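Undergrad: Would you mind keeping the following structure in view while I ask a few things?
The values are calculated or read from the model by the stated rules, or taken from the named source; none is laboratory data. A quick note: this is a predicted structure, and the numbers were derived from the prediction, not measured. Virtual Cβ from ideal backbone geometry, glycine too; neighbours counted across all protein chains shown.
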Amino acid sequence: MKSDNNILTMKNISKTFPGVKALNNVEFNLKKGEVNALMGENGAGKSTLIRLLTGVETFETGMVVLNDKKILVKSPIQAEKLGISTVYQEINLCMNLSVAENIMIGREPKKFGMINWNEVELSASKALKNLNIDIDVTKKLESYSLAIQQMVAIARAFYFDSTKILILDEPTSSLDKSEVIKLFEVIDILKSKGIGIIFITHFLDQVYRISDKITILRNGELVGEYETRKLTQIELISKMLGKEFEELSTLKKVKEKENSSDIKNLFIKTKGLGKKFSVNPINMFIKKGEVLGLAGLLGSGRTEVARLLFGIDKKDCGEMFIEDKKINIKNPQLAIKNSIALCPENRKTEGIIEDLSVKENIILALQSKRGVFKYIKESEQDKIAKKYIDLLNIKTSNQNQVVKSLSGGNQQKVILARWLLTEPVLLILDEPTRGIDVGAKAEIQKLIINLAKEGMAVMFISSELEELIRCCTSMIVLRDRSKIDELFDEDINEYLIMKTLAGGKN
Amino acid sequence: MGSIEINNDLKLLKKVYTSKIFWPLTALILIFVFDSIFIDGFTKITIKEGNFYGIPIDILKNVTPLLLISIGMTMIIATKGIDISVGSVFAISGAISARLIGGESVPENSYFIAILVALLISLILGTWNGFLVSKLGIQPIVATLILMVSGRGIAQLITEGQIITIYYEPYYFLGGGYIPFLKLPFSILIAASVFVISILIVKCTALGIFIKSIGINPIASRFSGIKVSRIILLTYMFSGLCAGIAGLIYSSNIRCADGNNAGLFIELDAILAVAIGANSLNGGKFSILSSCIGALVIQTITTTMYSIGVSPEKLPVVKAIIVIIICLVQSEKFRDKLKAIFSNKGGMKIENI
């Protein structure tokens, strides 16, 4: 069957990385003048698919058909020549050159061997006017907003008429509302010119605003291709997370909400705490003795809330109260001194110090809490390390073993030990069970519940709904960097969480 | 019982063999053995005018500037940084003290003030480097390149383009004087005290583990509450101070201040000392002691070359060859390859089980 007006067809695409099947028989179609939103959670295979299409990596099986011709893309430059352009979240243009130079670099019109600057400026402003943008092209790129810079990147991609496909990889994550509107206007213009657009984003609203079709991937497999109009938000989310919606709708009913202002054991209260492009102002109550879950899709602001509370990022609005005292957590050390601990999301890059021993890794946070001069003596270090190795059942030959030789689960326990040692009142756990084996997972979940029983406040962030439901006594649901609802006790079930995520707050 | 003892002996042997200072120390001992066999009177230490004299004493005396700078460099390299401006700080420090003393036998300012100002300026220069690296996030090699290049000019400005020769006698004591009761050069005492103090700081405070941790993973260190940029700043300040002390000793030793040539390329020797000391240039674990042995190795090679009459033009080549051999022997990959060559004679390679 000849594809009627498909400009791009990818069929039976498979790709294996050592130990992981990144893509398995995935199919992808794009029509002329269509916006196809590529959706999926972390590790679903979105970026792998794009990398294959743009020639950054090669696929093992499958084929790519562009304009009824079978193609084999070997490099990003070749992809561009074939008419596949990509605009990344991070703009890769030269900030200190003018807009015109950025658009025309490498293709300057020449006259007697010299660059014809008049022509450069004229062509550049024409290219921008095609996108309905009227700016001074002689000014430096850095003097314009991110949104305009993105438009310049798009204009550069479309200087040649040969471009048929535009890939927008998370284009809106650093734009504000009016800038997003501007970008969407440009997308509409491109659509009307018959360009096919692949749109990758975490913002559900935007998907519904701009896309015609949604392609969902999960764990390297194609879930399906749907028309945006016919797919409800809750269906979209359940398909991304791999939960059948019908199955869930028969579950528990809504119970009346507790009054969140009536709070005993309050440890931290935030009032409009937020940071631009990271977390929209959020109000939270964190109580001792409870496990507070943060639920949300990737990019919903879960990790960012944790970073804000722990002082990794600086807030730019709102207030934070610890035991009713207003405190501005400016750095992690201050957070530690105020009895906050954070097990970060990326164990390798933010957690372990891989060449140090288990012992040194465990005492590190306590040492920085005490300060440089109150050195914990070797003998004391040994005693502490041994105690926590037993307590958390860390599998290591002894406390002097280098931490990088431990398995992922045991490394995670080392980091847990590091933070438990500082005797925190609030323990924030960001994806503590990611990438570790089932046994260690269960142990960590049990530990979370026990710590809360002993009176600690635990904030638990995870993309696995099951473990959140199992452990949490209250839950904040985040979407598009904002808190959209709060759930308590019996309300914490998959059906309600997904309904809330989909924006069906009643 | 016997087997257990042997086992323990083996363990001890392995501990010695795998420790950081094993290879640099072996290299140093080998060079010394070579020297004592082939150079007449190398190991001879005599007492002249009530003080110790001899080639080993000379080596110890001449190594002090390099040793001091290597100590500072070790700490910086442990944080994954580098400081190539130490030569310039070295020259500036000498220039300031010489300028403040002046070229007369009666000093313009008191010697105490001259030393104090020189060290203070060195500390400020180190702070400047540290500020560029830790607060502005400039790459260490670029940040310190600024001072490396401009520092020579500053030193020239201070001495007004002249070589200031000092005739004020107490000035000579720092680099050339002897401690009365120990009968050893005073500069050795200075280097030894800086060495001991820095070892104490590293071992008795948490600074050592913080520096290691930052060198291995600065992001995770920040997540653990370590004030990463403050500690990086401190290491550059310390390095500046070390270079300043070294510059004072050197200037006192040669009895003049030469903005152009004082401490020329000493930064490279210091980096080499750190590398010979088996410290990773990628940061992380470090040993001040083994860097110091590295500095001694370099100085011993130089002194040896002079003693056996290698001409100054050839010196760098011979030095380079010896350094390459030391580095090769230290490389685990190279040793494995050597082992493979020798154990392959019988055919199959035998794996350790």
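Undergrad: Can you confirm whether B:VAL297 is among the β-branched types (Val, Ile, Thr), crowded, with 22+ Cβ neighbours inside 10 Å and more than 30 Å from B:TYR171 (Cβ to Cβ)? Spell out how you get there, then give the answer.
TA: Numbers: among the β-branched types (Val, Ile, Thr): yes; crowded, with 22+ Cβ neighbours inside 10 Å: yes; more than 30 Å from B:TYR171 (Cβ to Cβ): yes.
Yes, satisfied.
Undergrad: How many residues are over 12 Å from A:VAL152 (Cα atoms) and touching a strand residue (DSSP E or B) at 6+ places or on another chain (Cβ under 8 Å) if we restrict to the range A:101-138?
TA: Looking only at that region, the number is 5.
Let's see how each residue does on (1) of a type outside the set (Val, Ile, Thr); (2) out of contact with any Ser or Thr (no Cβ under 9 Å at 6 or more places or on another chain); (3) crowded, with 22+ Cβ neighbours inside 10 Å; (4) assigned to a helix (DSSP H, G or I):
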{"position": "B:ILE124", "(1), (2), (3), (4)": "no, yes, no, yes"}
{"position": "B:LEU132", "(1), (2), (3), (4)": "yes, no, no, yes"}
{"position": "B:ALA143", "(1), (2), (3), (4)": "yes, no, yes, yes"}
{"position": "B:VAL149", "(1), (2), (3), (4)": "no, no, no, yes"}
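Undergrad: Given the structure, is A:ASP491 at pLDDT 80 or above and at positive phi?
TA: So A:ASP491 does not fit the description; no.
Undergrad: Only residues that are buried (at least 20 other Cβ atoms within 10 Å of the Cβ) and over 10 Å from A:ALA295 (Cα atoms): list them for the range A:453-484, please.
TA: If the condition is that a residue be buried (at least 20 other Cβ atoms within 10 Å of the Cβ) and over 10 Å from A:ALA295 (Cα atoms), then A:MET456, A:ALA457, A:VAL458, A:MET459, A:CYS471, A:CYS472, A:ARG481 are the ones that fit.
Undergrad: Which residues, taken from the range B:285-311, are of a type in the set (Val, Ile, Thr) and part of a loop (DSSP other than H, G, I, E, B)?
TA: Listed by number, the residues that qualify are B:ILE308, B:VAL310.
Undergrad: Would you be able to say whether some residue in the range B:192-204 is within 28 Å of A:LYS337 (Cβ to Cβ) and within 7 Å of another protein chain (Cβ to nearest Cβ)? Can you show your working first?
TA: Filtering the range B:192-204 down to residues within 28 Å of A:LYS337 (Cβ to Cβ) leaves B:200-204.
Adding the requirement that they be within 7 Å of another protein chain (Cβ to nearest Cβ) leaves B:204.
Yes, because at least one residue in the range B:192-204 is within 28 Å of A:LYS337 (Cβ to Cβ) and within 7 Å of another protein chain (Cβ to nearest Cβ).
Undergrad: Just checking, which of B:ALA275, B:ALA262 is crowded, with 23+ Cβ neighbours inside 10 Å, touching a helix residue (DSSP H, G or I) at 6+ places or on another chain (Cβ under 9 Å) and away from every other protein chain (no Cβ under 13 Å)?
TA: Going through B:ALA275, B:ALA262 in turn, just one is crowded, with 23+ Cβ neighbours inside 10 Å, touching a helix residue (DSSP H, G or I) at 6+ places or on another chain (Cβ under 9 Å) and away from every other protein chain (no Cβ under 13 Å): B:ALA262.
Undergrad: Confirm whether A:ASP437 is at pLDDT below 90 and surrounded by fewer than 17 Cβ atoms within 10 Å (Cβ to Cβ). Walk me through it before giving the result.
TA: Details: at pLDDT below 90: yes; surrounded by fewer than 17 Cβ atoms within 10 Å (Cβ to Cβ): yes.
In short, yes.
Undergrad: Could you list, in sequence order, all residues of the range B:201-233 that are among the basic types (Lys, Arg) and touching a residue at least 24 places away in the same chain (Cβ under 8 Å)?
TA: Of everything in the range B:201-233, those that are among the basic types (Lys, Arg) and touching a residue at least 24 places away in the same chain (Cβ under 8 Å) turn out to be B:LYS212, B:ARG230.
Undergrad: Within the range A:400-422, can you find the residues that are away from every other protein chain (no Cβ under 14 Å) and part of a loop (DSSP other than H, G, I, E, B)?
TA: Selection gives A:GLN401, A:LEU406, A:SER407.
Undergrad: Can we say A:GLU486 is in contact with a helix residue (DSSP H, G or I) (Cβ under 8 Å, 6 or more places away or on another chain) and among the acidic types (Asp, Glu)?
TA: no
Undergrad: Taking the condition farther than 30 Å from A:SER125 by Cβ and either among the hydrophobic types (A, V, I, L, M, F, W, C) or surrounded by fewer than 16 Cβ atoms within 10 Å (Cβ to Cβ) (or both), does A:VAL56 pass?
TA: Working: farther than 30 Å from A:SER125 by Cβ: yes; either among the hydrophobic types (A, V, I, L, M, F, W, C) or surrounded by fewer than 16 Cβ atoms within 10 Å (Cβ to Cβ) (or both): yes.
It is true that A:VAL56 is farther than 30 Å from A:SER125 by Cβ and either among the hydrophobic types (A, V, I, L, M, F, W, C) or surrounded by fewer than 16 Cβ atoms within 10 Å (Cβ to Cβ) (or both).
Undergrad: Same structure, new question: I'm trying to understand the selection: among the residues of the range B:315-329, which are closer than 15 Å to B:ALA278 by Cα and either touching a residue at least 12 places away in the same chain (Cβ under 8 Å) or in contact with a Gly (Cβ under 9 Å, 6 or more places away or on another chain) (or both)?
TA: Selection gives B:VAL323, B:ILE326, B:CYS327, B:VAL329.
Undergrad: Checking B:PHE52 against (1) under 23 Å from the mean Cα position of the chain (by Cα); (2) in contact (Cβ under 8 Å) with a residue 60 or more places away in the chain, which single condition isn't satisfied?
TA: (1)
Undergrad: Where in the range B:8-103 are there helices (runs of 4 or more DSSP H), lying fully within it, with 2 or more residues that are in contact with an Asp or Glu (Cβ under 8 Å, 6 or more places away or on another chain)?
TA: B:55-78, B:86-101
Undergrad: Considering (1) exposed (fewer than 14 other Cβ atoms within 10 Å of the Cβ); (2) under 23 Å from the mean Cα position of the chain (by Cα), say which one A:ILE115 fails and leave the rest.
TA: Failing condition for A:ILE115: (2).
Undergrad: Considering each residue of the range B:212-231, count those that are farther than 17 Å from A:LYS359 by Cβ and either touching a Lys or Arg at 6+ places or on another chain (Cβ under 9 Å) or more than 9 Å from every other protein chain (Cβ to nearest Cβ) (or both), and give that number.
TA: 7
Undergrad: Further question on the same structure: Taking the range A:76-106 on its own, how many of its residues are surrounded by 12 or more Cβ atoms within 10 Å (Cβ to Cβ) and either among the aliphatic types (A, V, I, L, M) or in a loop (DSSP other than H, G, I, E, B) (or both)?
TA: 17
Undergrad: Which helices (runs of 4 or more DSSP H) sit wholly inside the range A:169-248 and have at least 3 residues that are modelled with pLDDT of 80 or more and either within 23 Å of A:ILE148 (Cα to Cα) or of a type in the set (Gly, Ala, Ser) (or both)?
TA: A:177-192, A:204-210
Undergrad: Residues in the range A:94-107: is at least one at pLDDT 85 or above, under 21 Å from A:LEU168 (Cβ atoms) and small (Gly, Ala, Ser)?
TA: no
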